[in-house]
Amino acid sequence: MNRPFHRALAAIVWPIAIALLGGCSFDSARPASCSSQAQCFDDEICLRNTCKLAANHPDAGGQTDRDADLNETSGGGNDNNTSTPVGKCVVNPLTTTCDDPEAHTNNSRVEAASTNSNKAVGCLDQGFESLDRSVSRVICATELEDWYSLNMVTCREQPFFIELKLTVKNGCDLADIELVAGNQGYDCSHEDVYCPEAVGATQRMIVRVPVALRNDARAFYWAVRAKQLASPREALQIEYDMSVRVYLL
């Protein structure tokens, strides 16, 4: 190759190469925004919809937004993860204690606490046995529901009724808790269930126990259930009064 041609080729190639190198940067190659980690490079994270260098990257330059966000979300800036949740009766289950008057563990149907000391209500041999009992309890932040039961004997001549009443305390939101009848998938839409409109902090559920061909001994179950929150550092802890009444019309 002769020297004039070499010089002419260099005069063409070098400006193009310099322009290409000058126009390339990792920052300009990053997406303007991101919605998932897959849209960022391996050494980056998707933070606030923007790809950012991870904290351990040599070019990160000290504490990054990622460090600040981890402190905010993981309690890194707080002692013992004691960030204060926001909302009525919302607490941090990692740090909050709970003193529930119910001595019996009743977090599932098989552990249901008896409300009538295992005695039966309904149509017994000696006549109809009614019930009217109230208790004060707490759904602790570490549990989702409290289960209860009562033994009953069906009637052959007329139906009887079980009324459940739930009242939340300390300004808790009634919408964060509900009554659930555990027999036959009972809910407020069932033909044998009536749920009056809530009044203040109180909701009720009335269950009709239909006439049976014979006096059958059965168990009736229900639960007081709290809403489950999305964050593992937020849970509802709700004090409540619950009453159960068994009666004939």
(request) Work through the residues other than Gly182 whose Cβ is under 13 Å from its Cβ and net out their charges, Lys, Arg +1 and Asp, Glu -1. (result) -2
(message) Can you sort Trp147, Trp222 from fewest to most other Cβ atoms within 10 Å of each residue's own Cβ?
(response) Trp147, Trp222
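Filter the cross-link list Lys52/Lys227; Lys165/Lys227; Lys52/Lys88 down to pairs whose alpha-carbon distance in this structure exceeds 25 Å. Kindly include the intermediate steps, with their values, before the conclusion.
Values: Lys52/Lys227 36 Å; Lys165/Lys227 18 Å; Lys52/Lys88 36 Å.
Correct reply: Lys52/Lys227; Lys52/Lys88.
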(request) For every other residue with a beta carbon closer than 15 angstrom to the beta carbon of Arg218, add +1 if it is Lys or Arg and -1 if Asp or Glu, then tell me the sum. (result) +2
(request) Let me know the shape class of segment 133-249, please: from the alpha-carbon gyration tensor, a ≥ b ≥ c as square roots of the eigenvalues, rounded when a/c is under 1.5, otherwise prolate if a/b is greater than b/c, or oblate. (result) prolate
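If you rank Ile238, Ile45 by fewest surrounding Cβ atoms within 10 Å, what's the result?
On the way: Ile238 25, Ile45 19.
By the 10 Å Cβ count, ascending: Ile45, Ile238.
Only the coordinates and a few stated rules stand behind these numbers; no lab work does. As the structure is a prediction and not an experimental result, all values here were calculated from the model. Heads up, the Cβs are rebuilt from the backbone with ideal geometry, glycines too, and the neighbour counts pull from every protein chain shown.
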